[in-house]
Amino acid sequence: MVRVSPVLAGHHFWRREGGRLVATPLFVALAVIETTDIVFALDSGPAVLAITRNPLIVYSSNVLAMFGLRSLYFVVSDALDRLQYLRQGLAAVLVFTGAKMIGSDWIHITPGVSVGVIGLVLGVTIAVSMWPRRTMETVPR
């Protein structure tokens, strides 16, 4: 049993309290986040196995998901602040993905086309967000 102190100690996960080593709330937060990563990795295993039985793809996709998703979250979070229309672009990608999944019995969309559509939507979204806007003060009369 690990005792948890209610006191934060800067960026430290452990601190001494009364001569004993105790965990800080930061350690508890880290443990919860890492446990969530493991649960999602275990959850995605059956999904990958439903697509392929190739062990290299199964292992590499799970490892990359565990290492990359949290980092990608921070990239997207920062990009949402900088790119005005990125939310709409991501929503369009999710709608496309959902429609592809629902309609997969009737219409087959190849992976190449899917990646192309997603790239096109995100590219247009980023370009429109970065396009210089004219304000009323800069429009010549």
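The values are calculated or read from the model by the stated rules, or taken from the named source; none is laboratory data. Treat the numbers as computed from the prediction; the structure is a model and nothing was measured. Positions of Cβ are backbone-derived with ideal geometry, glycine not excepted, and every protein chain shown enters the neighbour counts. Just the protein is used for accessible areas: all its heavy atoms, side chains included, with ligands, DNA and RNA removed. Shrake-Rupley method; radii C 1.70, N 1.55, O 1.52, S 1.80 Å.
Taking the criterion of being assigned to a helix (DSSP H, G or I) and loosely packed, with under 11 Cβ neighbours inside 10 Å, the residues of region 52-66 that qualify are Pro55, Leu56, Leu64. Can you tell me which residues in region 93-114 are within 17 Å of Ile51 (Cβ to Cβ) and within 17 Å of the chain's Cα centre (by Cα)? Answer for region 93-114, where residues must be within 17 Å of Ile51 (Cβ to Cβ) and within 17 Å of the chain's Cα centre (by Cα): just Thr97. Note on region 67-81: among residues that are under 23 Å from Pro132 (Cα atoms) and either among the hydrophobic types (A, V, I, L, M, F, W, C) or at pLDDT below 80 (or both), the one that is least open to solvent (accessible area, probe 1.4 Å) is Ala79. Scanning for something among the aromatic types (Phe, Trp, Tyr) and at pLDDT 80 or above, does region 1-23 turn up at least one residue? Yes. Taking first residues from region 72-96 that are under 26 Å from Ile109 (Cα atoms) and partners that are acidic (Asp, Glu) and surrounded by 13 or more Cβ atoms within 10 Å (Cβ to Cβ), no Cβ contact under 8 Å between residues at least 6 apart in sequence or on separate chains turns up. In region 1-51, of all residues being free of Cβ contacts under 8 Å to residues at least 12 places away in the same chain, open to solvent by 80 Å² or more (accessible area, probe 1.4 Å) and in a loop (DSSP other than H, G, I, E, B), the one that is nearest to Phe67 (Cα to Cα) corresponds to Met1.
All conditions but one from (1) open to solvent by 60 Å² or more (accessible area, probe 1.4 Å); (2) assigned to a helix (DSSP H, G or I); (3) closer than 30 Å to Trp131 by Cα; (4) out of contact with any Phe, Trp or Tyr (no Cβ under 9 Å at 6 or more places or on another chain) apply to Gln84; the one that does not is (2).
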